[in-house]
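K.L.:
One structure, pasted below without further comment.
Readers should treat all values here as calculations from the given coordinates under stated rules, not as data from a laboratory. None of the values given here were measured: they were computed from a predicted structure. Note: ideal-geometry Cβ built from the backbone for every residue, glycine included; neighbour counts use all protein chains shown.
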Amino acid sequence: MVKAVTRERRRLGSPPAGGISPTDPNPYGWAPFAVLFLVGIVDRMEAGLLAGVLPLIQEQWGFSDTAAGSIPTAGALAATAVALPAGYLADRYSRTKIIAVVVLCWGLATLGSGLAAGFAVFYLMRVLLAAAENIDNPAMGSLIADFYPAAARVHVYGWTRMTTYLSGLGTIVGGVIGQAYGWRAAFLCMAVPGILTALLVWRLREPERGRLDKIRASAGDAPATGATPPDRPALASPPFWRQVREVLAVRTLVRVSVGVMILTLGLGGIYYWLPTLLSRAYGLPIGTAGTTSGLVTIVGVVAGTVIGGRLGRRAIARHRAGLLLVGGAGITAGSLLLGGALLMGSATAMILCVLLAVTVSATAIPTCTASVADVVGARSRGLGFAVLQFLLTLGAAFGPLIVGITSDATGSLVTAMYALIVPMVLGGLLVLSARGSYERESAKVLDEARDL
């Protein structure tokens, strides 16, 4: 018996032996965050490989910009089909096991991309990869809320969701390896981290659902003790379609999700084609264009996430809806800056302006994501994050395709990118409009947790 308890405590994410204090910012330790952050990095690297090697693949198989833009579109549409079922699974089954299986599938699909004999098989592998990547997001969003209390969520969500925008890592790897050893080598190399990460996630312990919400709502009570057995939810979820209706009735969730979806529509289209723009319009070598685009995205997203997390904590201390003030303003201002960046006449000026635009926009990553966890109760958080991911994926589905079609029609990638700037600004304004409902709906979540 003692040995069994010892083994359980050694598992990643085990609760403290003496119970959880309402003031403890990370009662389960930082290991769960590290594992989930790694999952996000591997996810985005595998997804971002294509942008870095796209010119090489087009050179070999000779397909048009429209066909190239349709690859992420088809993948995103497949991902939207699995988003809500993924939320259903996340609210009813072991979230850690779901993530582990999905990450293993990523590695296999990336391996298949590198071994593809023709464009049709390659296309299919990218679509399957995109669909698999969407299954883990609701489980990750729900897990973080049960591993970390509200005080720490803005930072933890910021760093884990930040990885969604770090496909530039894959773009760098793809551009460098592709130029040196061919595009197939880039995909074959990235299959290994996916498989190893799946093994690590499998060792992560499943936390009790809603436990931290209840402790926060009953802050005057004694620290909670005991633990729910792994792989079994602590809260019963309602029938699926009733649960969907309840989640969609959360106005803050819907407005934030739609606003961020519109932002993703623009950023997905512009950043997907950015390496190609630098190569075509400014004559940069493929490796240099991919590396530059990736570094701009990485530095900007990391800086914006750190700034957004700090601003968010300060803003929420003054007003409960301060998270959305930071996020909505960041999206609006960042979109306007990105529109100005495309007007620059030199590669250096454009890159610097894009870096600033990415940094400002990325302040919305921690703030908007944390707000979703605040307004959706524990028993439905998986589905709440599934709604967010569904809309994000829907936005990402059409950005690259819109730019590709407009580029073929006008002969200008810059003109094609401008078609997405105005919707991005509107997305930021929509997030700002959600501040009115946030305070009411976040208070309702705590009231429900207190009655558990």
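K.L.:
Using the alpha-carbon atoms, what tilt in degrees (0 to 90, nearest 10) does helix 95-115 show relative to the longest principal axis of the chain?
P.N.:
Helix 95-115 and the main axis of the chain meet at about 20 degrees.
K.L.:
Next question. Determine the gain in length on full extension of the stretch A443-A34; use 0.36 nm per residue of separation and subtract their C-alpha separation, reporting nm with one decimal.
P.N.:
The span from A443 to A34 would gain 144.3 nm if fully extended.
K.L.:
Working out 0.36 nm times the residue gap between Y282 and R245, then minus their Cα-Cα distance, what length gain in nm do you get to one decimal?
P.N.:
8.3 nm
K.L.:
Mean separation of Cα pairs under 8 Å and 6+ residues apart, divided by the residue count of the chain: what relative contact order is that in percent?
P.N.:
26 percent
K.L.:
On to the next question. Based on the Cβ-Cβ distance from D408 to Y181, what FRET efficiency comes out when R0 is 30 Å, to the nearest 0.05?
P.N.:
0.50
K.L.:
With each pseudo-label sitting 7 Å past Cα toward Cβ, what's the T415-S346 distance in nm, one decimal?
P.N.:
For the pair T415/S346, the computed spacing is 2.7 nm.
K.L.:
For the chain, what is Rg from Cα atoms divided by 2.2 N^0.38 Å, rounded to two decimals?
P.N.:
Compared with the compact-globule rule of thumb, the chain sits at 0.96.
K.L.:
For the chain, what does -39500 (n - 2.57) per DSSP helix run (n ≥ 4), summed and divided by total residues, give at 222 nm, in deg cm²/dmol to the nearest 500?
P.N.:
Value at 222 nm, helices only, nearest 500: -27000 deg cm²/dmol.
K.L.:
Please report K214, K444 as a ranked list, fewest other C-beta atoms within 10 angstrom at the top and most at the bottom.
P.N.:
K444, K214
K.L.:
Taking the Cα atoms only, what angle lies between the long axis of helix 251-282 and the longest principal axis of the chain, rounded to 10 degrees?
P.N.:
Taking Cα atoms only, the helix is inclined about 30 degrees.
K.L.:
While we're on this one: Any idea what angle helix 286-318 forms with the longest principal axis of the chain, computed on alpha-carbon atoms, 0 to 90 degrees, nearest 10?
P.N.:
So the inclination is approximately 30 degrees.
K.L.:
From the square roots a ≥ b ≥ c of the eigenvalues of the alpha-carbon gyration tensor of the range 158-202, which class results: rounded (a/c under 1.5), prolate (a/b over b/c), or oblate?
P.N.:
In terms of gyration-tensor shape, oblate.
K.L.:
State, to one decimal in nm, how far the label point of A317 lies from the label point of L426, with both points 7 Å from Cα in the Cβ direction.
P.N.:
Spacing of the two 7 Å Cα→Cβ label points: 3.8 nm.
K.L.:
Given H placed on each backbone N at 1.01 Å, which residues far from I20 in sequence or on other chains put an amide H within less than 5 Å of it?
P.N.:
A224
K.L.:
Fewest to most neighbouring Cβ within 10 Å: what's the order for Y157, Y148?
P.N.:
Y148, Y157
K.L.:
Plugging the Kirkwood radius over Cα pairs into Stokes-Einstein for the range 72-121, at a temperature of 4 °C and a viscosity of 1.567 mPa s, what D comes out in µm²/s?
P.N.:
Rounded to a whole number, D works out at 102 µm²/s.
K.L.:
Full-extension gain between L295 and R92, please, as 0.36 nm times their residue separation minus the C-alpha to C-alpha distance.
P.N.:
Full extension of this stretch gives 69.2 nm more.
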